[in-house]
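Quick notes on the structure that follows.
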Amino acid sequence: MLTTKFRFLLCLTLTSHVLCSFVTARVPGFNRDVRPILSENCFLCHGQDAKDHGGELRLDIRAEALADRDGGPAIVPGDPEKSAMIRHITSTDPDFRMPPPKAHLEALKPEQIEILRSWIKGGAEYEPHWSFVAPTKAELPGGGNPVDAFVRARLTEDGLKPSPPAPLEAQIRRLHLDLTGLPPSLVEIDSYLADTSPDRWEKRIRSLMDSPHFAERMAMPWLDAARYSDTHGFSIDDHRDVWGWRDWVIHSFQKNQPYDQFLTEQLAGDLIPNATPDQIVATGFLRNSMNTHEGGTIAEEYRVAYAIDKVDAVATSMLGLTMKCAQCHDHKFDPISQKDYYSFFAFFNASSEGGEGATNGSSQPVMDYTSPLGDGGMAGIKQRISELEFLRAHPSADIVAARESWEEQGKRKVSSPNTLPWASFPASSVKWIWEGQPVEKQSVELKREFSISGPVLEAWLFTTCDDSAELKLNGRDAAKVVHWQKPGLVEVTGLLKVGENLLEAAAHNEASAGGFIAMLAWRTDSGWNVLSSDESWQAKLPGAGEWKPSTVLGVLGDAPWADVTTYVRDESAQTDLQMVLNTPAAERTPEQWKKINEEFIKSGGPLAKLTANMIQTIDVEIGVLQKDLKRGKTTVMV
């Protein structure tokens with residue numbers, strides 16, 4: 001009985017047989033050599049749509065191609081010169097030549113004409129679609145490995161010689177990649193080179209085919225054909241659990257399940273009498289369609305769409321046919337009518353699957369399942385959670401680039417305060433200033449003019465106020481302080497200019513006398529400069545109309561504002577974000593990466609919204625997987 005494990009060997013053999021049929025026969029094959037020429041140059045007017053284009057001759061049907069008509073039959077088997085098709089394609093008369101100039105196709109190439117001649121001379125036999133032709137074993141054209149024999153025969157036919165054997169290291173690498181999808185380790189290469197037994201190649205093949213990676217490698221093409229995915233698709237691409245079915249596929253290859261059982265269980269495992277959980281889980285093959293739970297979904301519309309998907313999946317992967325064409329009309333090339341299509345559709349139309357998918361999980365009907373691999377798949381869940389956590393910290397390249405740019409800006413902002421020149425200032429040089437009398441809800445306007453001699457490379461403004469203040473530099477908004485317990489530190493490099501500058505503040509107090517501190521530091525080629533609040537500032541009460549020197553209320557460390565000193569001077573006084581930004585990326589913990597992403601999203605920077613959506617999707621999947629991990633099993637849509 002044919003098994004899934006050895007089916008790939010059969011595929012190689014069938015390919016060889018097709019190749020051999022061409023090598024050993026002098027007559028070109030219809031499917032391999034002739035049909036492509038006719039499809040490209042003739043079928044538009046002389047094929048399925050002939051009547052639509054005003055044509056009468058059908059070259060896709062042998063009986064009509066051989067039928068007598070004005071000018072003689074298009075094809076006369078055994079006699080190319082009496083065949084009207086050959087006369088037309090070799091003619092130089094534009095009114096007689098085929099394809100005609102109005103078709104905007106080039107004349108057939110000499111080698112194409114020769115193929116058609118040889119085919120007609122050999123009897124002009126037509127062939128049905130390859131999937132309807134039972135394979136037959138061809139006679140080997142030589143000794144040795146069958147694949148090599150057919151390849152060697154074809155090379156001889158074309159006047160070519162085989163390439164020299166590849167180095168042993170290359171051969172063993174190719175073998176490992178072919179059978180497991182993974183390159184060999186240095187130890188595996190060395191062990192093969194050290195083996196001098198005559199059957200070392202066969203032994204290595206057997207060893208690789210017995211490994212779990214061979215089953216994984218074999219499963220990959222089937223997962224593609226089965227449109228496997230652990231997300232729903234459509235616009236709301238939520239997580240769902242189908243990986244348990246994937247593990248069933250891998251296990252089927254591991255246990256060398258017969259191919260007919262492999263297909264039967266996936267197609268109708270739930271209809272097998274006394275079906276086992278594995279046989280029911282196998283029907284997850286039919287549930288790999290895209291699902292939706294989007295608002296406004298018409299459930300019946302999508303229930304039908306899911307049934308259509310089942311028809312297409314089975315026809316493509318199990319029958320080798322494009323039945324989809326017959327959804328709207330009789331198939332033009334394959335013998336499938338529209339009635340055939342909906343007869344086939346009726347089987348899947350009895351499915352218990354609904355039309356509306358689930359939110360953030362598998363859509364009904366589902367069943368609990370413990371993976372047959374390893375520890376029930378729990379190791380795979382842990383690995384997937386780890387992968388998702390890594391993806392959460394390291395998303396797509398464009399997001400990473402935008403976030404790194406944001407990080408660099410943040411690093412400059414948080415690394416400078418502790419190295420700014422005011423860190424070494426004596427407290428007495430930094431003064432609380434205010435103007436006026438201890439009047440409740442008092443406000444004051446403050447200003448300071450200063451000059452800069454060269455281009456500004458970096459500039460920072462520190463401010464605190466009792467109770468709040470807004471600051472401008474050269475007429476542009478620079479900073480805003482809402483409470484004396486929340487001092488502000490902002491970068492203002494772009495607001496300064498060479499020459500005369502003006503720093504202004506509007507300070508507000510809710511009760512008793514108010515205090516205000518501003519320290520501006522800027523760096524030019526000649527070094528740092530500092531402008532601090534003192535009596536040289538000008539001040540005036542709103543509406544007073546007269547500017548005069550500001551009143552000094554106290555120095556930086558005086559009560560009740562002593563904690564401001566700590567904020568400015570203490571090098572360890574960094575926010576959580578500041579500490580994370582200053583931590584090398586390779587040393588950050590998952591919690592620190594989470595903080596980075598949260599703050600990046602809040603920044604509203606480029607791609608911030610995309611990052612938020614990505615993280616939300618990942619967090620949902622992690623949550624689902626953690627529940628599976630806690631339960632010790634998963635669910636599979638069946």
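So, in region 221-243, of the ones that are modelled with pLDDT under 80 and of a type in the set (Ser, Thr, Tyr), which residue ends up farthest from Gly361 (Cα to Cα)?
Looking at residues that are modelled with pLDDT under 80 and of a type in the set (Ser, Thr, Tyr), I get Ser235.
Do you know which residues across region 217-242 are touching a helix residue (DSSP H, G or I) at 6+ places or on another chain (Cβ under 8 Å) and closer than 18 Å to Tyr259 by Cβ?
Arg217, Met218, Ala219, Trp222, Leu223, Ala225, Ala226 - these are the residues of region 217-242 that are touching a helix residue (DSSP H, G or I) at 6+ places or on another chain (Cβ under 8 Å) and closer than 18 Å to Tyr259 by Cβ.
Looking for something small (Gly, Ala, Ser) and at pLDDT below 80 - is there at least one such residue anywhere in region 476-490?
Among the residues of region 476-490, at least one is small (Gly, Ala, Ser) and at pLDDT below 80, which makes the answer yes.
Of the conditions (1) at pLDDT 95 or above; (2) surrounded by 20 or more Cβ atoms within 10 Å (Cβ to Cβ), Pro273 fails just one. Which one is it?
Pro273 satisfies all of (1) at pLDDT 95 or above; (2) surrounded by 20 or more Cβ atoms within 10 Å (Cβ to Cβ) except (2).
Filter region 153-211 down to residues that are aliphatic (A, V, I, L, M) and in contact with a Pro (Cβ under 7 Å, 6 or more places away or on another chain) and give me whichever is most open to solvent (accessible area, probe 1.4 Å).
So the first thing to find is which residues in region 153-211 are aliphatic (A, V, I, L, M), and the list is 153, 155, 160, 166, 168, 170, 172, 175, 177, 179, 182, 186-187, 189, 193-194, 205, 208-209.
Keeping just the survivors that are in contact with a Pro (Cβ under 7 Å, 6 or more places away or on another chain) gives 153, 155, 172, 177.
Values: Ala153: 20, Leu155: 41, Ile172: 0, Leu177: 61 Å².
The selected residue is Leu177.
I'm trying to understand the selection: among the residues of region 164-204, which are under 38 Å from the mean Cα position of the chain (by Cα) and part of a loop (DSSP other than H, G, I, E, B)?
Ala166, Pro167, Gly181, Leu182, Pro183, Pro184, Ser185 - these are the residues of region 164-204 that are under 38 Å from the mean Cα position of the chain (by Cα) and part of a loop (DSSP other than H, G, I, E, B).
What tally of residues in region 244-266 results from selecting those that are open to solvent by less than 60 Å² (accessible area, probe 1.4 Å), in a helix (DSSP H, G or I) and closer than 22 Å to Thr316 by Cβ?
11
Can you find a residue that is basic (Lys, Arg), in contact with an Asp or Glu (Cβ under 8 Å, 6 or more places away or on another chain) and over 18 Å from Ser396 (Cβ atoms) anywhere in region 596-611? Even if it seems obvious, please write down each step before you answer.
Taking region 596-611 as the starting set, the residues that turn out to be basic (Lys, Arg) are 602, 609.
Now narrow it down to the ones that are in contact with an Asp or Glu (Cβ under 8 Å, 6 or more places away or on another chain): none.
Within region 596-611 (the criterion being basic (Lys, Arg), in contact with an Asp or Glu (Cβ under 8 Å, 6 or more places away or on another chain) and over 18 Å from Ser396 (Cβ atoms)), the answer is no, since none of the residues qualifies.
Suppose we filter Thr180, Thr136 for residues that are among the β-branched types (Val, Ile, Thr) and at pLDDT below 95; which single one remains? Explain how you work it out, then say what you get.
Working: Thr180 fails: at pLDDT below 95.
Thr136 is the lone residue from the list that is among the β-branched types (Val, Ile, Thr) and at pLDDT below 95.
In region 419-458, how many residues are at pLDDT 85 or above, surrounded by fewer than 19 Cβ atoms within 10 Å (Cβ to Cβ) and of a type in the set (Lys, Arg)?
Result for region 419-458: 1.
List every residue pair whose Cβ atoms lie under 6 Å apart, where the two residues are 6 or more positions apart in sequence or sit on different chains, the first residue falls within region 79-100 and is without any contact (Cβ under 8 Å) to a residue 24 or more places away in the chain, and the second residue, located anywhere, is not in a loop (DSSP other than H, G, I, E, B).
Filtered contacts from region 79-100: Pro94/Pro101.
If Gln327 satisfies all but one of (1) in contact (Cβ under 8 Å) with a residue 40 or more places away in the chain; (2) within 30 Å of His129 (Cα to Cα); (3) polar (S, T, N, Q), what's the number of the condition it fails?
Just one mismatch for Gln327, condition (1).
Search region 398-413 for residues being among the small types (Gly, Ala, Ser) and at pLDDT 80 or above, and hand back the single one that is least open to solvent (accessible area, probe 1.4 Å).
For region 398-413, the residue satisfying everything is Ala402.
Within region 135-151, which residues are hydrophobic (A, V, I, L, M, F, W, C), part of a helix (DSSP H, G or I) and surrounded by 15 or more Cβ atoms within 10 Å (Cβ to Cβ)?
Passing the criteria: Ala149, Phe150, Val151.
Can you tell me which residues in region 276-300 are open to solvent by 40 Å² or more (accessible area, probe 1.4 Å) and more than 28 Å from the chain's Cα centre (by Cα)?
Listed by number, the residues that qualify are Thr276, Pro277, Asp278, Ile280, Ile298, Ala299, Glu300.
Looking at Ser362, Ser416, which is the one that is at pLDDT below 85, out of contact with any Leu (no Cβ under 6 Å at 6 or more places or on another chain) and buried (at least 18 other Cβ atoms within 10 Å of the Cβ)?
Ser362
Against the conditions (1) within 49 Å of the chain's Cα centre (by Cα); (2) in contact (Cβ under 8 Å) with a residue 40 or more places away in the chain, where does Ser453 fall short? Just the number, please.
Status for Ser453: all satisfied but (1).
Which fully enclosed strands (runs of 3 or more DSSP E) of region 460-519 have 1 or more residues being open to solvent by less than 50 Å² (accessible area, probe 1.4 Å) and hydroxyl-bearing (Ser, Thr, Tyr)?
Values: elements: 468-473, 476-481, 488-491, 499-508.
By residue number, 468-473.
Enumerate the helices (runs of 4 or more DSSP H) found wholly within region 28-134, keeping only those where 1 or more residues are within 50 Å of the chain's Cα centre (by Cα) and either of a type outside the set (A, V, I, L, M) or surrounded by fewer than 17 Cβ atoms within 10 Å (Cβ to Cβ) (or both). Before the answer, list the steps.
Details: elements: 35-41, 43-46, 62-66, 84-90, 110-121.
Passing ranges, in order: 35-41, 43-46, 62-66, 110-121.
Starting from residues that are out of contact with any helix residue (DSSP H, G or I) (no Cβ under 7 Å at 6 or more places or on another chain) and open to solvent by 30 Å² or more (accessible area, probe 1.4 Å), keep the ones in region 366-379 and report whichever is nearest to Lys633 (Cα to Cα).
Thr370
The values are calculated or read from the model by the stated rules, or taken from the named source; none is laboratory data. All of these numbers come straight from a predicted model, not from anything done at the bench. Reconstructed Cβ throughout: ideal geometry from the backbone, glycine too, with neighbour counts over all protein chains shown. SASA here: full protein model, heavy atoms, side chains in, ligands and nucleic acids out. Shrake-Rupley method; radii C 1.70, N 1.55, O 1.52, S 1.80 Å.
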